[in-house]
Amino acid sequence: MAAGVVHSRDLDLEVGESLLVHFPRKSLSLVGCDSVGHVVLFEKARNRHLASLNSFLAELGFQRANLAHKTHPGHRKTLIAPLSDELKLSCDIYPSLAPVLARKDIQIVIITTPSGAHLEPAVECARAGKHVVVEKPLEISAERCDTIIRECDKNKVLLCTIFPSRFGDANVELKAAVDAKRFGRLTLGETTCKWWRTQAYYDEGGWKGTLALDGGGALMNQAIHNVDLLLWMMGPVTHVTGFTATLAHERIEVEDTAVACLKFQNGALGVIQATTSVHPGLPKTIGIHGDKGTAVIEQDDILKWDFLEPIAHDNDVKTRFAQKVGASGGSSNPAAISHQGHTRQLTDFVNAIKLGGKPLVDGREGRRAVELIQAIYASNASGKVIHIK
């Protein structure tokens, strides 16, 4: 993972190094580590911060969905051990959450279980006084999100939802331009996530494509990053209408194709396109438009950066982000998704704990994208425009 700089509460810290130097050793626990990608996040911090790996909560998720699970729960430990050895992680491996909750040295627990099984471990961790990091989505319904938020507030622990796209350099520049009112009156916000996933992706995933554990398809799983970015840039949505369909896959309960039209609280309009049905998969985009400017980002590259009132910094932005440095970003292969944003977000979370502030993406921020996606699903089901209060 490449190092970088995160500007958080006027404190510049090297990404990665802040986790290594500025936080106690052996203070993190990763729960639900069936995804190798999440464990790789800690390769840089091997032998220093990762105290334990837990995988049993995947079993809890399958039980909630009443799905048959091929692997015996007792075998999970044997699956994780080789991975721990490969990454040279000297950490404990537990088949249950209880030992983690009992350890006073573990301060942060990172939940990476299937989406619909985030609530239970998050609540247990909060009640045990652990700070909680939850992979996106925070949960699969606003109501379940509310329970997590309420328990973290009640037990005075910090909560964050993983939305690493907010920490991408191009998106940070875009947000700064929005906050500086450089677009004038915002008129249109648009985002696309026209990705491709094979049938094998769903067949081999076990919980992927199920309503009980995925909570939704292309919108809730893949494009939720785009939805979060659009809300971050444009503000709250008041009305939404949407259509979803399953067009390119079999044996899934969720959409692989979705479109939605939005009306924002500020009066601007918006459009969302989300798929796992577009071959071969295209880089994700976000476009912000107003009566004084337009900006369009494709993955990590700025395609358009044009303002009625240009400033000197604009040339720097165009030079820096117009060199096609962006990767595929997972448009066709989930393994291609960069972990740099995760590292930066965890740095932000650690800073919030140390400085007594709140993380950039707390639980309430994570809830907003879930609420909007649920409204899109409700519009598709009812054929009506949904009002979000």
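Each row is one residue, and each column tells you yes or no for (1) surrounded by 22 or more Cβ atoms within 10 Å (Cβ to Cβ); (2) of a type outside the set (Lys, Arg); (3) touching an Asp or Glu at 6+ places or on another chain (Cβ under 8 Å); (4) at pLDDT below 95.
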| site | (1), (2), (3), (4) |
| --- | --- |
| 226 | yes, yes, no, no |
| 235 | no, yes, no, no |
| 241 | no, yes, no, no |
| 245 | no, yes, yes, no |
| 268 | no, yes, no, no |
| 280 | no, yes, no, no |
| 292 | no, no, yes, no |
| 313 | no, yes, no, no |
| 319 | no, yes, no, yes |
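Checking every residue in region 221-232 against the condition of being aliphatic (A, V, I, L, M), assigned to a loop (DSSP other than H, G, I, E, B), closer than 30 Å to residue 175 by Cβ and in contact with a Ser or Thr (Cβ under 8 Å, 6 or more places away or on another chain) gives at least one match. Any residue at all in region 179-190 that is part of a loop (DSSP other than H, G, I, E, B), surrounded by 19 or more Cβ atoms within 10 Å (Cβ to Cβ) and touching a Pro at 6+ places or on another chain (Cβ under 6 Å)? Within region 179-190 (the criterion being part of a loop (DSSP other than H, G, I, E, B), surrounded by 19 or more Cβ atoms within 10 Å (Cβ to Cβ) and touching a Pro at 6+ places or on another chain (Cβ under 6 Å)), the answer is no, since none of the residues qualifies. The residues of region 205-224 that are of a type in the set (Gly, Ala, Ser) and either under 12 Å from residue 189 (Cα atoms) or buried (at least 22 other Cβ atoms within 10 Å of the Cβ) (or both), listed by number, are 209, 215, 216, 217, 218, 223. Please specify each residue of region 173-184 satisfying the condition of being hydrophobic (A, V, I, L, M, F, W, C) and either free of Cβ contacts under 8 Å to residues at least 40 places away in the same chain or over 14 Å from residue 297 (Cα atoms) (or both). Matches in region 173-184: 176, 180, 183. Residues that are part of a helix (DSSP H, G or I), in contact (Cβ under 8 Å) with a residue 60 or more places away in the chain and of a type in the set (Asp, Glu) within region 118-161 comprise 120, 146, listed in sequence order.
Across region 191-220, the number of residues qualifying as in a loop (DSSP other than H, G, I, E, B) and either among the acidic types (Asp, Glu) or under 22 Å from residue 266 (Cβ atoms) (or both) comes to 1. Could you grab me the full set of residues in region 247-263 that are surrounded by 20 or more Cβ atoms within 10 Å (Cβ to Cβ) and of a type outside the set (Val, Ile, Thr)? Those that are surrounded by 20 or more Cβ atoms within 10 Å (Cβ to Cβ) and of a type outside the set (Val, Ile, Thr): 249, 255, 256, 258, 260, 262. For residue 113, the conditions (1) in contact with a strand residue (DSSP E or B) (Cβ under 6 Å, 6 or more places away or on another chain); (2) part of a loop (DSSP other than H, G, I, E, B) all hold with the exception of (1). Within region 231-257, residues that are closer than 28 Å to residue 178 by Cβ and among the aromatic types (Phe, Trp, Tyr) have Cβ atoms under 7 Å from residues that are assigned to a loop (DSSP other than H, G, I, E, B) and modelled with pLDDT under 95 in no pair, counting only partners at least 6 apart in sequence or on another chain. Restricting attention to region 77-107 and to residues that are at pLDDT below 75 and of a type in the set (S, T, N, Q), the residue that is nearest to residue 128 (Cα to Cα) turns out to be 90.
Residues that are touching a Leu at 6+ places or on another chain (Cβ under 8 Å) and surrounded by fewer than 22 Cβ atoms within 10 Å (Cβ to Cβ) within region 117-126 comprise 120, 124, listed in sequence order.
Condition (residue is more than 27 Å from residue 209 (Cβ to Cβ), modelled with pLDDT of 95 or more and either surrounded by fewer than 20 Cβ atoms within 10 Å (Cβ to Cβ) or in contact with a strand residue (DSSP E or B) (Cβ under 9 Å, 6 or more places away or on another chain) (or both)) applied to region 131-146: is it met by at least one residue? Within region 131-146 (the criterion being more than 27 Å from residue 209 (Cβ to Cβ), modelled with pLDDT of 95 or more and either surrounded by fewer than 20 Cβ atoms within 10 Å (Cβ to Cβ) or in contact with a strand residue (DSSP E or B) (Cβ under 9 Å, 6 or more places away or on another chain) (or both)), the answer is yes, since at least one residue qualifies. Residues 187, 192: which one is within 20 Å of residue 291 (Cβ to Cβ), touching a strand residue (DSSP E or B) at 6+ places or on another chain (Cβ under 7 Å) and among the hydroxyl-bearing types (Ser, Thr, Tyr)? After applying the criteria, what remains is 187. Only residues that are under 15 Å from residue 172 (Cβ atoms), in a strand (DSSP E or B) and of a type outside the set (D, E, K, R) were counted across region 282-314, and they come to 6.
The values are calculated or read from the model by the stated rules, or taken from the named source; none is laboratory data. In this text, all values refer to a predicted model and were calculated from it rather than measured experimentally. Glycine gets a Cβ as well: all are built from the backbone with ideal geometry, and neighbour counts include every protein chain shown.
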